[in-house]
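First up is the structure itself, then whatever we jot down about it.
The values are calculated or read from the model by the stated rules, or taken from the named source; none is laboratory data. Keep in mind the model is a prediction, meaning the values are calculated, not measured. Please note: Cβ atoms are built from the backbone with ideal geometry, for glycine as well, and neighbour counts cover all protein chains shown. These accessible areas exclude ligands, DNA and RNA; they are computed on the full protein's heavy atoms, side chains included. Shrake-Rupley method; radii C 1.70, N 1.55, O 1.52, S 1.80 Å.
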Amino acid sequence: MAREIQKVGVVGLGTMGAGIAQVCIQAGVETVGREVTPELGEAARGKIAHFLGRAVEKGRLSQEDGDAALARLKLTTELADLADCDLVVEAAFEDLTIKHELFRELSEVVGEDAILATNTSALSVTEIASAAAPPERVVGMHFFNPAPLMPLVEIVRAQQTDEAVVDAAYAFAQRLGKEPVRCNDTPGFIVNRILIPLLNDCVRVLDEAGVSPEDIDRAMRFGAGWPMGPCTLVDLVGLDVHVHASEALWQGLREPRMAPPARIVAMEKAGHLGRKSGRGFYEYQ
Ligand code: CAA
């Protein structure tokens, strides 16, 4: 197991999947992106082309390199087109049934020594791996949002993961120019275990201390050196993703700070999901 990674598949080209595909093609890796419809695939390609175009405009990337990167991305709606991928990174919905189905199908489609990775942030990699054959080839590769800008990748070792697969995923993340860190498959892994309760505290302080989102963001930027304030960050991550990850931590560890605050649950129910829906703590065009 764990052959050299020449071609990568990315399943699901939403915010995270598109970002991961972008990172791969910019690192010179042939990438096949799979979405459920051609329109969703094209939308992701459009987003990637936009960010590459911005990098060209700013002089951080040559036009030639940008074009070459984009040419490395192939789109498909068929999982069967991932047959010759050495690594597949799954970035589909955070739904165990969907992921089980994908890992079952992927196990049949890819070569026997291909690695199957999941970008899950809230589900158990061990549970996801249980649907794969063999489960030893499954590893967590948890990128951070926005994937092209955030250096960290958590390399998550499930109960079943072969250590050679962990090493191969770690080496590949390094090849992508990322800063990988190995960890076990525990709720929230490293960063979300710490960050999610902290963001929940920030949201609770809004009401407790009678502070506006603007001021709590300024407080954490100017008083704690955060690159963006907590409300801006929750809007970036998405209220739905944040609530789901909070629920998963709460289910797993039962610490009250992990339970999503009523305020953001109400916002999620109202469809105020942050940047992606045009409204969260802030409004976006
Ligand atoms: N994809 C690709 N490129 C992007 C991008 C994206 N999503 N977003 C921005 N860029 C590019 C753009 O080209 C942008 O330039 P333009 O705006 O001129 O087009 C360029 O990057 C730089 O953007 P900024 O000037 O906004 O960069 P910045 O210096 O303000 O840094 C940041 C942005 C890196 C996001 C920084 O604000 C930061 O580190 N924020 C914290 C983010 C964070 O904590 N993420 C983790 C979330 S938790 C998580 O992801 C885990 C989970 O499981 C939920």
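Observations on the structure shown:
- Accessible-area ranking of GLU179, GLU30, largest first, probe 1.4 Å: GLU179, GLU30
- Residue-averaged [θ]222 nm for the chain, counting only DSSP H segments that reach four residues, each worth -39500 (n - 2.57): -14500 deg cm²/dmol
- Kirkwood Rh, Cα atoms: Rg over Rh of segment 147-285: 1.02
- Between helix 96-109 and the chain: long-axis angle, C-alpha atoms, 0 to 90°, nearest 10: 20
- Compactness of segment 192-269 as Cα Rg over 2.2 N^0.38 Å, two decimals: 1.03
- Once the Cα atoms are used to define both axes, helix 38-57 deviates from the longest principal axis of the chain by about 80 degrees.
- Debye-formula intensities of segment 2-151, expressed as log10 I(q)/I(0) at q = 0.11, 0.16, 0.20 Å⁻¹, are -0.39, -0.80, -1.21 (one equal scatterer per alpha-carbon, no solvent).
- Per atom type, the chain shows carbon and sulfur on 53% of its accessible surface, probed at 1.4 Å.
- DSSP-assigned coil residues among chymotrypsin sites (Phe, Trp or Tyr not before Pro) in segment 125-184, each with at most 13 further Cβ atoms within 10 Å: none
- Spatial offset of segment 166-195 relative to segment 1-46 amounts to 19 Å, using the alpha carbon center of each.
- Per residue, in Å², the accessible surface of segment 192-269 once ligands and nucleic acids are set aside, probe 1.4 Å: 48
- Ranked packing of 52-63, 119-130, most packed first, by mean Cβ within 10 Å: 119-130, 52-63
- Taken along the Cα-to-beta-carbon direction at a fixed 7 Å, the label points for ARG175 and LYS74 span 1.7 nm.
- All lysines inside 27 Å of LYS7 as judged from Cα atoms, apart from same-chain residues fewer than 8 positions distant: LYS47, LYS74, LYS99, LYS178
- Relative contact order of segment 79-201, pairs being alpha-carbon contacts under 8 Å that are 6 or more residues apart, as %: 20
- In the chain, the inverse of the mean reciprocal separation of distinct Cα atoms equals 19.5 Å; this is its Kirkwood hydrodynamic radius.
- Top of LEU13, LEU79, LEU198 by mean-square fluctuation, Gaussian network on the chain, Cα under 10 Å: LEU198
- Degrees separating the helix 15-26 axis from the principal Cα axis of the chain, which is the longest one: 50
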